[in-house]
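Every number in this text was worked out from the coordinates using simple rules, so none of it is lab data. All of these numbers come straight from a predicted model, not from anything done at the bench. Cβ: placed from backbone, ideal geometry, glycine included. Neighbour counts: every protein chain shown.
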């Protein structure tokens, strides 16, 4: 049947003419214009409708109106992307059929540490689909997700405070304060704090974040933006429930947590700095310099089900503790210009980027005393499992104690350096035909120590070409081709074998054809057909290299806009055909995905919304028989303006109280979706 995805173009919730200290009645989306361009960090000067690739942009106003709290929630309403479990401690989107943890960005800067990214300081979330190394550098094999953060607003002075609480007991508070220091300077502070809760035993979490920013306008076409973000997060890790003999999650186990109430948790602390300097060089040329630095300290440890015996009513628990310390420095300089050559108009971007990553990672497996220090032991299934603080009674009725320092599985240090040069030229050949040409050169050096030093060096050129033709003022068609690559060190720079330098990196090729149509009634419709091919060479001997391939094809539909003056709709559908070279369907690739969100303006004070998500059946792993069943989730909400400055909002998730399993990480790690729950929030701006 059909599964979930949605097109979410930016809709500006605040009226252009409103005072900065005044809330738009309802504070919801549905009647304003779409965002015209991507954020500056994504290397395009074209309007969205003129970019030959699939793009979805969701604004902070729409995120708030729908009651979305995470990148995963945004993904639920984005076509071509679904959620993976992420082992309960990280964002792990599946973009056009492939799971990734490295293709996440913050203001166009790589943000590939494994953690849950908050939305408190987000202006919009941009989702680009299809490989394109010009935009992302290495990675971006099937697309990328970019968070655009809030900046200081010169000429405005406001404070916005919001708080929320839900039926599980979770609560949070956010502050957005913008101060006009003088006519050229603005300071902005975004902060949040939250205490997490959900429907599962033992679950807890707390997060705090603060992001002060400063904007200064020199008055001569030069602007500087400075930003610092501090994050501190901790949460319980829940890896889900086992699958049974029929290959599906065992519904009777839906209330059992297969872990340790005190030893399953993740901590993350981060310092993120960014400086952007834009300056005008002439009437048709400007420069943009970006410097960014991040320091992440991440730990996660957990026990989880790795095998299940229904007859004996037992489960095998495995476990490990993993730490990552990563420091990343990024420097970019771009020239952005416009020129005419004959009858052609060129909008071009040329730039260079240097990336330096220092990554320190280690992992220790569990070691159970009653099983000869094996990383696995068998426990009887009870609620709760007889395990706490790493000490339990196993299925043999013996006391077993885990030692997380007896079996070191990994201890690696990686040093990654990437030097890149790129150019992108958007050429207006005629009034109705544009040609996009681009290429990026990357020189990437990876050194990994741990079990012996291993190095890999790759020099790669990644091209991009596209055509977009305006059939009429309302209809356009496009075709595009692009490439990218991923290093042999994989997403987290910790996996290199001794022959890594003897083969080329994994490469990805994307071909896409699309159509866009602005309907007279105020709706925008887009459709795209795409094909992605992955080629992964593997060294066998000096004379032999094997090549594994996977092919993904599919099509997407998006519909967004005003059906009537009081009814906004945003909907999307994805059909995916994803197989490896041996014919096995790729994991986490439902054939169909569908979602729709409606916003109804009932009066000047009241708005209602309704959303539906449907995701088709999918395999938990490639070549396996275990599956996640199809599900449909219904969400609803209402917003009411108490005054011109204050509004309240109620969002209900899973209105029909369906038992569903949205994602998994392994055969016996299927996440249990939340039952019906509601969140009440209040927002005041002054």
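Take every Cα pair under 8 Å whose residues are at least 6 apart in sequence, average their separation, divide by the length of the chain, and the relative contact order is 15 percent.
Rg over Rh for the range 511-577 works out to 1.34, using Cα positions for both radii and the Kirkwood form for Rh. Just round it to a whole percent: the fraction of Cα-Cα distances in the range 425-524 exceeding 16 Å. Summing the P(r) tail past 16 Å for the range 425-524 gives 68 percent. Report note on the peptides 394-402, 348-356: ranked by the mean count of other C-beta atoms within 10 Å, highest first, their order is 348-356, 394-402. Per-residue packing, averaged as other Cβ atoms within 10 Å, sorts the ranges 193-206, 476-489 into the order 476-489, 193-206, beginning with the highest. For the range 539-580, dividing the convex hull volume of the Cα atoms by the residue count gives 73 Å³ per residue. Hydrodynamic analysis of the range 193-293 uses the Kirkwood radius over alpha carbon pairs. Inserted into Stokes-Einstein at 37 °C and 0.692 mPa s, it gives a translational diffusion coefficient of 183 µm²/s. Each semi-axis of the equivalent ellipsoid for the range 342-411 is √(5λ) with λ an eigenvalue of the Cα gyration tensor; in descending order they amount to 54, 18, 9 Å. Pairs of C-alpha atoms in the range 547-635 farther apart than 17 Å represent 60 percent of all such pairs.
The label-point distance for residue 564 and residue 504, in a model that sets each label 7 Å from Cα toward Cβ, rounds to 5.7 nm.
Helices in the chain, meaning DSSP H runs of at least 4 residues, each add -39500 (n - 2.57). Divided by all residues, the mean residue ellipticity at 222 nm is -500 deg cm²/dmol.
With R₀ set to 30 Å, the beta-carbon distance separating residue 230 from residue 156 gives a calculated FRET efficiency near 0.80. Rounded to 0.05, the FRET efficiency of the residue 222 and residue 538 pair, given R0 = 45 Å and the Cβ-Cβ distance, is 0.35. When restricted to Cα atoms, the range 250-294 yields an Rg and a Dmax of 24.5, 68 Å, respectively. Which residues does the label zone of residue 271 cover in the range 324-345, counting backbone N under 16 Å from a point 7 Å along Cα→Cβ? Residues 325-330 fall inside that zone.
Each peptide in 268-281, 113-126 gets a packing score, the mean of other Cβ atoms within 10 Å over its residues, and the list from highest to lowest is 113-126, 268-281. Across the range 237-258, the residues whose backbone nitrogen lies under 19 Å from the label position 7 Å along the beta-carbon direction of residue 382 are 253-258.
Considering the range 162-218, its Cα convex hull presents a mean projected area of 4.4 nm².
Taking label positions 7 Å along the Cα-Cβ direction at both residue 262 and residue 310, the computed distance is 3.5 nm, reported to one decimal.
Taking every alpha-carbon pair within the range 269-404, the share separated by more than 22 Å comes to 62 percent.
The convex hull of the Cα atoms of the chain, projected and averaged over all directions, covers 29.7 nm².
Here the scattering of the range 586-686 is modelled by Debye summation over its C-alpha atoms, one equal scatterer each and no solvent; at q = 0.14, 0.16, 0.18 Å⁻¹ the log10 of I(q)/I(0) is -0.65, -0.76, -0.86. For the range 465-561, taking the reciprocal of the average inverse distance between every pair of different Cα atoms yields a Kirkwood hydrodynamic radius of 16.3 Å.
With both labels modelled 7 Å from their Cα along Cα-to-Cβ, the residue 621 to residue 495 distance reads 1.2 nm. Shape analysis of the range 90-242 places it in the oblate category; the axes a ≥ b ≥ c from the Cα gyration tensor give an a/c of at least 1.5, with a/b not above b/c.
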